[in-house]
Structure formats: structure tokens, C-alpha cells
1. Under the Kirkwood approximation for Rh and a Cα-based Rg, what ratio Rg/Rh is obtained for region 177-353?
2. Considering only Cα-Cα distances, which of the following residue pairs are longer than 19 Å: LYS81/LYS155; LYS25/LYS148; LYS21/LYS81; LYS81/LYS328; LYS274/LYS295?
3. To one decimal place, what orientation-averaged projected area in nm² is obtained for the convex hull of the Cα set of region 12-151?
4. Looking at the chain, what % of its DSSP beta bridges pair antiparallel, to the nearest 5?
5. What does the chain give for Rg and for Dmax, in Å, if only its C-alpha atoms count?
6. For the chain, modelled as a GNM with alpha-carbon contacts under 10 angstrom, which of ASP231, ASP255, ASP125 fluctuates the most?
7. Which residue, VAL294, VAL163, VAL251, tops the fluctuation ranking in a GNM of the chain built on C-alpha contacts under 10 Å?
8. Which aspartates and glutamates, if any, have their Cα less than 14 Å from the Cα of LYS20, not counting same-chain residues under 8 positions apart?
Amino acid sequence: MISMDEFIEFVRGGPLGPIKKWGTKWSLWPVHLVTACCGAELAHAFACGYDGERIGALNYGIARQTNLIIVEGAITRKMAKVLRITWEQMPDPKFVIVMGACGLQGGIFWNGYHMVKPSDVVPVDFFIPGCPPTPEALLRGIRQLQFKIETGEAKTSATFPEVPLEAGRKPRVLPKSPKKISKAPAVIVNAPKEVDWEFGQKLVEEIKAKVEAKSVTITGKNRIAVKVESDYIPRAAMRLREMGFDHVKNVNVIDVPNEDKFIVEYHFSSYSVKELMPVIVNVFADIPRENPRVKSLASMFPSADYMEREMHDFFGVIFEGNPWMGRKFLLAPDAPEFPLRKDFKLEEEVYVR
Ligand code: SF4
């Protein structure tokens with residue numbers, strides 16, 4: 001009676017070994033792990049033009065029945081967990097190909113707070129460079145993997161000769177994370193605009209009569225901006241609801257560090273009053289950057305809840321009364337705090353020496 005380990009070793013290296021390798025080589029089942037635009041190139045590689053199936057690889061949807069992950073582009077902190085779980089679920093022998101500049105070193109998001117290198121999460125067999133890599137490049141990567149399965153030898157499929165720099169030219173270095181904030185970035189929000197909109201003029205008059213606003217302006221066809229004191233936002237929301245604006249479409253925060261303030265915006269619209277349906281009223285207020293707080297509208301307008309949590313994650317604004325304050329909602333637990341603040345800086349990473 002032989003042990004399981006001996007049996008596995010026999011299958012791998014015994015007389016059946018070459019047959020097993022041959023079978024694995026022509027039975028690659030890449031799991032779909034589309035995270036970004038590289039996925040379109042993968043689709044192209046397996047569509048009728050290039051027909052990736054003819055080289056023995058066919059995309060499959062269930063991790064437990066696949067043996068190859070093709071990481072198609074960017075992996076974020078949240079997606080890293082999915083990548084690892086998918087990899088853990090796959091039976092051995094399993095392989096990983098990473099395609100695209102984003103997967104290699106971050107690509108166009110190279111200094112994004114949320115980027116993770118797939119090679120830090122799972123063992124990678126082959127990288128396919130490009131943004132995006134062509135379908136031919138992907139198929140060449142799969143062929144190289146097959147060669148590795150067969151021979152145990154991993155080779156690069158394309159080599160580029162090193163070209164010496166012209167005398168006196170400095171090597172190219174990627175830009176570093178921004179270190180400085182512009183002293184006076186132009187922040188122009190809700191600028192008034194002349195438009196031919198008679199109903200809008202009437203609405204502006206009605207809002208002026210009902211809402212204690214610092215200003216009420218038309219900023220475009222079907223767009224009205226109402227500036228209020230931050231404490232007054234809930235009352236303004238109530239008045240708008242009485243007028244027929246029945247939901248919050250969007251909650252937004254703008255960081256204006258040189259004026260030491262955030263601008264908080266709520267966009268109101270209507271599903272129930274026909275004339276108001278195309279209209280968006282933007283109620284906005286300035287709040288200090290130090291200890292930024294504003295009253296939540298979540299109990300009055302449930303659609304505001306989710307977006308308030310999102311703004312809390314990204315900017316650290318406290319929406320008083322929203323029960324989700326103080327915890328991370330959208331970002332992964334280990335994500336840095338308030339990454340959309342303009343003074344947020346990443347720790348520098350060196351990509352080019
Ligand atoms: S490498 Fe280019 S094509 Fe691929 S995911 Fe990144 S940005 Fe998109």
C-alpha cells in the first residue's frame with residue numbers, strides 16, 4: 001500500500017508524468033477575473049478572430065473547476081482579497097498570469113492609494129506587459145505557460161535589447177507623488193449662468209421665499225444652486241420636500257484646503273412631480289476643515305444615507321445622526337484614512353531606479 005504523497009509523486013514523476021503534463025498543458029481553464037479594461041483584450045483573444053480555445057485554454061466561471069487565473073488589469077485593496085480567495089479555491093496544479101501595466105506596477109494608477117501588486121497576493125507565473133496587452137501577447141503568454149508546464153522552464157517570450165543612453169542623457173524617472181498643494185487652486189462651484197428657462201425663474205423665486213438662503217442662482221438649464229449656512233441644511237431640505245423634491249440624488253464634498261474649508265453639497269430632485277423631475281437643486285454649505293461636521297439627512301431622505309457614508313470614508317466629514325459614522329464603509333479596513341483630501345500623500349514607492 002503506497003501513501004498518498006508517494007502516489008502523487010508517482011503520478012507527477014513516474015511513467016505517467018509526461019501524460020499528466022501533456023493533459024495539464026492542453027487543459028488550461030482560465031477563471032474570469034476581470035477587474036478592468038484589460039478584460040476586453042482577453043475577450044478579444046478568446047473570440048472567433050484569435051480563438052484562444054484552439055491552443056487548449058477556455059475561460060470558465062467557477063473557481064473550483066479552473067486552474068489558471070488571468071488577472072486582467074488593476075487589483076485594488078478590496079479586490080486583493082477576492083483574488084486570494086479565488087486562488088485558494090482552485091485545485092492544484094494552478095497558475096497565475098497577470099496582464100497589463102496596472103497589474104505589473106500599478107500602470108496609470110501607479111500612485112493610487114488603493115493599488116496592490118497581484119504578485120504580493122498570489123504567486124505569479126507570467127507577466128504580460130502593455131496597456132492594454134494585445135490579444136496576441138496574451139496568447140503568447142499562455143503558450144509560454146504551456147511551455148513551462150511541459151519543461152519546467154520559464155522563459156520570457158520577448159526580449160528587448162538594452163539600448164545604452166546617449167552620452168549626457170539622464171535616465172528617465174517616474175514622477176513622485178505630489179508633495180505640494182497649490183496655494184490658491186481655482187475652486188469655482190455653482191457659478192451663475194444666463195439661460196432661457198422661465199420655469200426656473202419661478203422656482204428660484206419660490207425657493208427664495210421658502211428657504212433662508214445666502215444665494216439662489218440658476219447654474220444651467222434645470223440646475224439651481226442654493227447656498228445656505230451648514231446648520232440650516234436640514235431645514236432647507238424640509239422646505240424643498242414640501243415643494244415636491246422627494247429624494248436626494250447625490251451627496252458630494254469638495255476639499256478647498258487653501259480656504260481651510262470643505263463644501264458639502266446635496267442634490268435634490270423629484271420622482272413624483274412631473275415638472276420637477278428634470279430639475280436638480282443643489283443645496284450647499286461651507287464647513288471648516290478642522291473637525292468637519294454637518295447634520296445628516298439620512299432619516300429624512302434615505303437615499304442620502306449611502307452617499308453620506310461614502311463621503312465620510314473619503315473625506316472624514318462627520319454626518320451627525322448617520323449611524324455609520326466612525327467606521328469604514330466602502331474602503332478596505334486597512335485603507336489609509338480620508339484618501340480624497342487634497343493633502344493626502346502616499347508613501348513614496350520607487351518603481352524606477
Ligand atoms: S493596463 Fe491599461 S488596459 Fe489594462 S487595466 Fe490597466 S489601464 Fe486598463
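The values are calculated or read from the model by the stated rules, or taken from the named source; none is laboratory data. It should be emphasised that the depicted structure is a prediction, and the values quoted were computed from it without experimental measurement. Calculation scope for accessible area: heavy atoms of the full protein, side chains included, ligands and nucleic acids excluded. Shrake-Rupley method; radii C 1.70, N 1.55, O 1.52, S 1.80 Å.
1. Details: Rg = 17.9 Å, Rh = 17.5 Å.
Checking Rg against Rh, the ratio lands at 1.02.
2. Details: LYS81/LYS155 29 Å; LYS25/LYS148 9 Å; LYS21/LYS81 30 Å; LYS81/LYS328 16 Å; LYS274/LYS295 29 Å.
Those over the limit are LYS81/LYS155; LYS21/LYS81; LYS274/LYS295.
3. On the way: hull surface 31.7 nm².
With the hull built on Cα positions only, its mean projection is 7.9 nm².
4. Working: 24 of 47 bridges.
Roughly 50 percent of the DSSP beta bridges within the chain come out antiparallel.
5. Values for the chain (Cα only, Rg and Dmax): 27.9, 92 Å.
6. It is ASP231.
7. Answer for the Gaussian network model of the chain: VAL163.
8. Candidates past the 8-residue exclusion: GLU9, ASP92, GLU150.
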